[in-house]
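Inspection log for the structure reproduced underneath, given as structure tokens.
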Amino acid sequence: MSDVAKLKDMIASSGRIAFFGGAGVSTESGIPDFRSENGIYDAIRRFGERPETLLSHSFFMKNTERFYEYYRSALLVTDVQPNDAHKALAALEQAGRLTAVVTQNIDGLHTKAGSKNVYELHGSIYRNYCMDCGKAYSAEDIMDMDNVPRCRCGGIIKPDVVLYEEGLDNDTIRAAVTHIMRADMLIVGGTSLAVYPAAGLIDYYRGDKLVLINKSETPCDSKADLVVHDAIGRVLREAVLN
């Protein structure tokens, strides 16, 4: 039996599926991942700073204009569309089989594809807020502003994305853990499982249908009940949409 056939059978016998994904889910939409040769980290290095520096809270506070130069050029990407992975997960949710999408991505593509119950561990480019008065701004608002985006009150506007030195949102983490613990099947895709604390969420799964879909090996391959080293869009398209 092929891996896709096995995955189909596992999905068919499950009613509380949770999905946990990373940057690899969005690469097929044209958004680069973080650690590949042409990924976002490589672009940051060409920008002249270490990734941990440029995307840190302290750098944002001290070098806000330079932060936004990079943010607008590489991370504030809105002209992309969901791929087959996003569409398949939305279809599973609509069919009543998938209870939650937990994602490390900030691109909003799961929501754009139609998924309703999405937990964005690292925030979203589509939410921005004034650091002084809390007023909310859209991604389009940020793109329309020059240099450092400022609120009408004069305060600096910050993207609602989790930077280095910042903690994850407790409510989001709590909800993600709850869904993963209650799941009868956990699909993990497009992530190297190398970024903590997010990668540690897999340890909360207690079931016997752990599926890992990633182009390369992960530290958790040996724990999985099914491992598929392939593009997640192709795998989920064949398992769910075909």
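The values are calculated or read from the model by the stated rules, or taken from the named source; none is laboratory data. None of the values given here were measured: they were computed from a predicted structure. Quick reminder, even Gly has a Cβ in these numbers, built from the backbone with ideal geometry, and neighbours come from all protein chains shown. Heavy atoms of the whole protein, side chains included, go into the accessibility calculation; ligands, DNA and RNA do not. Shrake-Rupley method; radii C 1.70, N 1.55, O 1.52, S 1.80 Å.
The residues of the stretch 60-74 that are without any contact (Cβ under 8 Å) to a residue 40 or more places away in the chain and buried (at least 19 other Cβ atoms within 10 Å of the Cβ), listed by number, are Phe67, Tyr70.
Within the stretch 80-108, the set of residues being part of a loop (DSSP other than H, G, I, E, B) and charged (D, E, K, R) comprises Arg97, Asp107.
Looking only at the stretch 109-130, which residues are in a loop (DSSP other than H, G, I, E, B) and among the hydrophobic types (A, V, I, L, M, F, W, C)?
Leu121
Of the residues making up the stretch 177-224, those that are more than 20 Å from Ser26 (Cα to Cα) and small (Gly, Ala, Ser) number 5. Residues in the stretch 105-119: is at least one more than 19 Å from the chain's Cα centre (by Cα), open to solvent by less than 10 Å² (accessible area, probe 1.4 Å) and closer than 30 Å to Phe20 by Cβ? No, because not a single residue in the stretch 105-119 is more than 19 Å from the chain's Cα centre (by Cα), open to solvent by less than 10 Å² (accessible area, probe 1.4 Å) and closer than 30 Å to Phe20 by Cβ. For the stretch 168-219, the candidate set comprises residues that are among the small types (Gly, Ala, Ser), outside any loop (DSSP other than H, G, I, E, B) and crowded, with 17+ Cβ neighbours inside 10 Å; within that set, the residue that is modelled with the lowest pLDDT is Ala198. Got at least one residue in the stretch 131-143 being part of a strand (DSSP E or B) and exposed (fewer than 15 other Cβ atoms within 10 Å of the Cβ)? Yes: the stretch 131-143 contains one or more residues that are part of a strand (DSSP E or B) and exposed (fewer than 15 other Cβ atoms within 10 Å of the Cβ). When Ala95, Ala12, Ala23 are checked against the criterion of being among the hydrophobic types (A, V, I, L, M, F, W, C) and either at pLDDT below 95 or open to solvent by less than 40 Å² (accessible area, probe 1.4 Å) (or both), Ala23 stands alone in meeting it. Here Thr53 fulfils each of the conditions (1) modelled with pLDDT under 95; (2) outside any helix (DSSP H, G or I) apart from (2).
Only one of the numbered conditions (1) open to solvent by 10 Å² or more (accessible area, probe 1.4 Å); (2) in a helix (DSSP H, G or I); (3) hydrophobic (A, V, I, L, M, F, W, C) is violated by Val77, and that is (2).
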